[in-house]
Amino acid sequence: MADWKVSYKALADRLSARGVDLEAVKKALKAQWIETPSWGYADSGTRFKVFRQAGAARTTVEKLQDAAQVHKYTGVAPSVALHIPWDKVDDYAALNNYAKSLNLKLGAINPNLFQDNNYMLGSLCNPDATIRRQALDHCLECVEIAKTVGSNNISLWLADGTSSPGQDDFRDRKHRLQDTLQELYAAMPEPMRLLIEYKFFEPAFYSTDLGDWGSAILQAQRLGPRAMVLVDLGHHPLGTNIEQIVAFLIDEKRLGGFHFNNKKFADDDLTTGSINPYELFLIYNELVAGAADPANEMDVAYMIDESINIKPKVASMIQSVVNCQEAYARALVVDRAALKEAQASGNVVKAEETVLDAYRTDVRPLLAAVRDEMGLAPDPLAAYEASGYYQKVCAERKGSAAGGYGFDGQ
Ligand code: AFD
Ligand code: MN
Ligand code: MN
């Protein structure tokens, strides 16, 4: 019997003895849906250098081919977010059909409001009305693309901000954003949603117009019920309690989605769960607790947003998806009844130990069993690396185009 089957039997016995509904847990794990970013498969880097990698995707077609590998081996990454104009094509219906031929769906559409030369002083918040119009028209173009490919999510990240005290009026910028977002929101047909992403700094270095979850939820609440907040794990000051933000957004019915990644110091696109796996688990712990109450009406887009600069792209994306699977599996085996009882009685140690017990559970045999039942190999990364796909694309993809972030020939 394969090693994982031996371990799984022992784990299943232990969890069942504790009253865990193993079939329900496995059903939830099979239904997990992690969207990967097209830009995560292309070359990326920093303002200092883009280290071009052999085999990196150069076109949207190649990005989809790579994304299809992640879904093929994990079974839970069926959609790919697009970034416009990096993924601009002449025929989006044809691109959608190509994605379907790879067993993929096209996911969130990401406008690019940070690389046009006109955006130096901002896009939707720019003091120049003609530049705000240009940025808004680009967002409206993304709404049309979303309609064509059947996407229900516009994923909006604004780089807007100021880099000098006195540069602009904070309230004027807030009002410009309110007004431009009103027009964008009005153009989005039901049930399309606007996922408003925040980031505490970069590329602006003094103030950011959507700098924290408070500024994002304020804009969302003004717009309407289909305007939500997008939580990017790399976008918080060090030490921020992200799981608490997630809990509050769930409670306000404004948690639209995630951009999963990890950071050590700032927004530096590290593999999801690679720096702080406990934080990722605690976030999933809030998600599982929130989903237990239908009144929360949770409809969350679980998206990865990373392009690891120095790792082979497909392998590192599989790592991130697997880390999300493991965090979710651990969160699903938290003894909720024992936790509630310990919390109610103020038994701090018992409450913490209940959460920790789930976090300390080696869920890899459980995920191996789930993959086996899905007809997949028990270890997605090993299966992918044994497939020879990476060697194949390294041989085929000679000559590199602009990087996934559209770096100009760095
Ligand atoms: C950068 C930004 C932000 C955005 C992503 C894709 O910090 O996270 O969502 O690019 O545009 O990471
Ligand atoms: Mn992001
Ligand atoms: Mn980011």
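Observations on the structure shown:
- Taking region 152-176 as the range and being hydrophobic (A, V, I, L, M, F, W, C) and within 15 Å of Cys125 (Cβ to Cβ) as the test, the residues that pass are Leu156, Trp157, Leu158, Ala159, Phe170.
- Members of region 35-70 that are over 18 Å from Asn110 (Cβ atoms), among the polar types (S, T, N, Q) and modelled with pLDDT under 95: Thr46, Gln53
Residue by residue, here is whether (1) open to solvent by less than 20 Å² (accessible area, probe 1.4 Å); (2) without any contact (Cβ under 8 Å) to a residue 40 or more places away in the chain holds:
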position: Val322; (1), (2): no, no
position: Val333; (1), (2): yes, no
position: Ala342; (1), (2): yes, yes
position: Val349; (1), (2): no, yes
position: Glu352; (1), (2): no, yes
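- Sole exception among (1) of a type in the set (A, V, I, L, M); (2) more than 24 Å from Val321 (Cα to Cα); (3) within 16 Å of the chain's Cα centre (by Cα) for Ala220, by number: (3)
- Enumeration of residues in region 54-70 that are in a loop (DSSP other than H, G, I, E, B), surrounded by fewer than 19 Cβ atoms within 10 Å (Cβ to Cβ) and out of contact with any helix residue (DSSP H, G or I) (no Cβ under 6 Å at 6 or more places or on another chain): Thr59
- Among the criteria (1) under 20 Å from the mean Cα position of the chain (by Cα); (2) closer than 25 Å to Ile154 by Cα, the one Leu282 does not fulfil is (2).
- Considering region 245-285, the residues that are acidic (Asp, Glu) and either within 16 Å of Asp232 (Cβ to Cβ) or assigned to a loop (DSSP other than H, G, I, E, B) (or both) include one that is farthest from ligand 2 (Cβ to nearest atom), namely Glu252.
- Residue count for region 183-211 satisfying the condition of being under 19 Å from the mean Cα position of the chain (by Cα), open to solvent by 60 Å² or more (accessible area, probe 1.4 Å) and away from ligand 1 (no atom under 14 Å from the Cβ): 0.
Here's the yes/no breakdown for (1) at pLDDT below 95; (2) touching a Gly at 6+ places or on another chain (Cβ under 9 Å); (3) open to solvent by less than 50 Å² (accessible area, probe 1.4 Å); (4) of a type in the set (S, T, N, Q):
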position	(1), (2), (3), (4)
Gln219	no, no, yes, yes
Arg222	no, no, no, no
Thr240	no, no, yes, yes
Phe258	no, no, yes, no
Asn261	no, yes, yes, yes
Ala266	yes, yes, yes, no
Leu270	no, yes, no, no
Leu287	no, no, yes, no
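The values are calculated or read from the model by the stated rules, or taken from the named source; none is laboratory data. No experiment lies behind these values; they were computed from the predicted model shown. As a convention, Cβ positions derive from the backbone with ideal geometry for all residues, glycine included, and neighbour counts pool all protein chains shown. Heavy atoms of the whole protein, side chains included, go into the accessibility calculation; ligands, DNA and RNA do not. Shrake-Rupley method; radii C 1.70, N 1.55, O 1.52, S 1.80 Å.
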